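Peer 1: Let me begin by handing over the structure; questions about it come next.
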Amino acid sequence: MTNSTHSTITHRWPNPRREDATLIVVDEWRANDLAHRTETLAEVMRTWRDDPWPNGVLSDSLFIGEDGHRALRYALWSDEDSYRTAGSDRSPNAVEYTRYRDQAEPGETRTPGCLALPYLVFDTPDRQRLRDWVDTVFSALELDAVTPDDNGDGGLGALFHVSLDGRRILNYAEWVSPRHHDRFMGATGEDDGSAPDPAAVAAWRRVHEYPGIIESGVNRYDLYATAEPVSE
C-alpha cells in the first residue's frame with residue numbers, strides 16, 4: 001500500500017534510535033564488480049525519486065562497504081504490519097530486526113564517518129538466546145576498562161539489534177572514522193603491563209565461547225545516501 005508521499009534524498013545519517021521506529025530491515029549484498037554495485041545503488045535511488053513512498057517507512061539509507069564492492073540498505077519502519085503490506089517492495093534477502101540494548105554516548109552530537117557492523121549467526125532460532133548473548137556482552141563491558149571512547153575519542157555509540165527470526169545479532173556501531181575504529185580494535189588486544197582482571201577475562205570468555213554461534217564477523221561502511229518521506 002502506498003500514498004501520495006514521495007522522498008527527499010540527503011546525506012544525513014539515519015537515526016537508528018528514533019522512538020517511532022519499531023522495525024529495522026537490513027539488506028546486505030556483495031556485487032561481482034563495481035559497475036554492478038553502482039547500477040544497483042542507482043536503481044534504489046531511482047525508486048526513491050520516482051515511486052510513491054510506502055506507508056510506514058521512516059528512513060531508508062544506502063551504505064558502501066570499505067572494499068568498494070559490498071553494499072548495505074538500512075531501513076527504519078514504524079511497524080511490522082506496514083512492512084508486510086509493502087509486498088513487492090520487500091527484498092527476499094533482507095533481515096528484520098528489533099533494537100535490544102544501546103551503548104550510546106550521552107550528549108554525542110558528532111556526525112559518524114564510519115559504520116562498523118559486527119554480526120553473529122546462531123545455529124537454531126531462539127530470540128531469548130540472542131538477548132542473553134547481548135546481556136553477556138554488557139556484563140563484560142562493565143568489568144572491562146577498555147571502552148569505545150578510550151582511544152582517540154572516536155566511539156559514538158553502539159546499538160544491538162536482534163533478528164525476528166531468532167538467529168542473528170547485529171551491532172550498529174558508529175565511529176568518527178575508520179581510523180578510530182582501528183585504534184579501538186587494536187587497543188582491545190594490547191598489553192599495557194598490568195595484570196588482567198580475572199573477572200573481565202572470564203566474562204569475555206563467556207562472550208566468545210557462547211554456545212550455538214556458527215558465524216561471526218564485522219563489515220564496515222560509509223554512508224552513500226539517505227531518503228526520508230516528504231508529503232506533497
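Peer 1: Out of region 71-116, which residues are over 18 Å from Val57 (Cβ atoms), surrounded by 15 or more Cβ atoms within 10 Å (Cβ to Cβ) and charged (D, E, K, R)?
Peer 2: Once the filter is applied, which keeps residues that are over 18 Å from Val57 (Cβ atoms), surrounded by 15 or more Cβ atoms within 10 Å (Cβ to Cβ) and charged (D, E, K, R), region 71-116 yields Arg101, Glu105.
Peer 1: Starting from residues that are basic (Lys, Arg) and within 12 Å of the chain's Cα centre (by Cα), keep the ones in region 68-108 and report whichever is nearest to Thr226 (Cα to Cα). Walk me through it before giving the result.
Peer 2: Taking region 68-108 as the starting set, the residues that turn out to be basic (Lys, Arg) are 70, 73, 84, 90, 99, 101.
Next cut, within 12 Å of the chain's Cα centre (by Cα) only: 73, 99.
Numbers: Arg73: 10, Arg99: 20 Å.
Filtering region 68-108 for residues that are basic (Lys, Arg) and within 12 Å of the chain's Cα centre (by Cα), the one nearest to Thr226 (Cα to Cα) comes out as Arg73.
Peer 1: Please return the ranges of strands (runs of 3 or more DSSP E) entirely within region 1-120 where 2 or more residues are acidic (Asp, Glu) and in contact with a His (Cβ under 8 Å, 6 or more places away or on another chain).
Peer 2: Numbers: elements: 6-10, 23-30, 57-65, 70-77, 95-104.
In region 1-120, there are no strands (runs of 3 or more DSSP E) which contain 2 or more residues that are acidic (Asp, Glu) and in contact with a His (Cβ under 8 Å, 6 or more places away or on another chain).
Peer 1: Under the condition of being assigned to a loop (DSSP other than H, G, I, E, B) and without any contact (Cβ under 8 Å) to a residue 40 or more places away in the chain, which residue from region 196-232 is farthest from Phe63 (Cα to Cα)?
Peer 2: Narrowing region 196-232 to residues assigned to a loop (DSSP other than H, G, I, E, B): 196-197, 209-212, 231-232.
Within this subset, residues satisfying the condition of being without any contact (Cβ under 8 Å) to a residue 40 or more places away in the chain are 196, 209, 211.
On the way: Pro196: 38, Glu209: 31, Pro211: 32 Å.
It comes out as Pro196.
Peer 1: Pull out all pairs, ordered by first then second residue, where Cβ-Cβ is under 7 Å, the residues are six or more apart or on different chains, the first lies in region 103-132 and is under 20 Å from Gly217 (Cβ atoms), and the second is among the polar types (S, T, N, Q) and assigned to a strand (DSSP E or B).
Peer 2: Going by the 7 Å Cβ cut-off, the qualifying pairs are Leu117/Asn171; Leu117/Asn219; Pro118/Asn171; Tyr119/Ser216; Leu120/Ser216.
Peer 1: Taking region 27-65 on its own, how many of its residues are within 22 Å of Tyr119 (Cα to Cα), aromatic (Phe, Trp, Tyr) and in contact with an Asp or Glu (Cβ under 8 Å, 6 or more places away or on another chain)?
Peer 2: Residues in region 27-65 being within 22 Å of Tyr119 (Cα to Cα), aromatic (Phe, Trp, Tyr) and in contact with an Asp or Glu (Cβ under 8 Å, 6 or more places away or on another chain): 1 in total.
Peer 1: When you go through Arg220, Arg168, Arg131 one by one, which is the residue that is surrounded by fewer than 18 Cβ atoms within 10 Å (Cβ to Cβ), of a type in the set (Lys, Arg) and at pLDDT 95 or above? Break it down stepwise before answering.
Peer 2: Working: Arg220 fails: surrounded by fewer than 18 Cβ atoms within 10 Å (Cβ to Cβ); Arg168 fails: surrounded by fewer than 18 Cβ atoms within 10 Å (Cβ to Cβ).
The unique qualifying residue is Arg131.
Peer 1: Moving on. Being touching a Leu at 6+ places or on another chain (Cβ under 6 Å) and surrounded by 21 or more Cβ atoms within 10 Å (Cβ to Cβ), is that true of even one residue in region 26-37?
Peer 2: Step one: of region 26-37, the residues touching a Leu at 6+ places or on another chain (Cβ under 6 Å) are 28.
Cutting the leftovers down to surrounded by 21 or more Cβ atoms within 10 Å (Cβ to Cβ) gives us none.
No: zero hits.
Peer 1: I've got another one for you. Quick one: count up the residues across region 142-155 that are within 19 Å of the chain's Cα centre (by Cα) and modelled with pLDDT of 85 or more.
Peer 2: Residues of region 142-155 that are within 19 Å of the chain's Cα centre (by Cα), as a first pass: 147-149, 154-155.
Within this subset, residues satisfying the condition of being modelled with pLDDT of 85 or more are 154-155.
Looking only at that region, the number is 2.
The values are calculated or read from the model by the stated rules, or taken from the named source; none is laboratory data. Not measured: the values here are computed from a predicted model. All Cβ positions, even for glycine, are placed from backbone atoms using ideal geometry, and neighbour counts span all protein chains on display.
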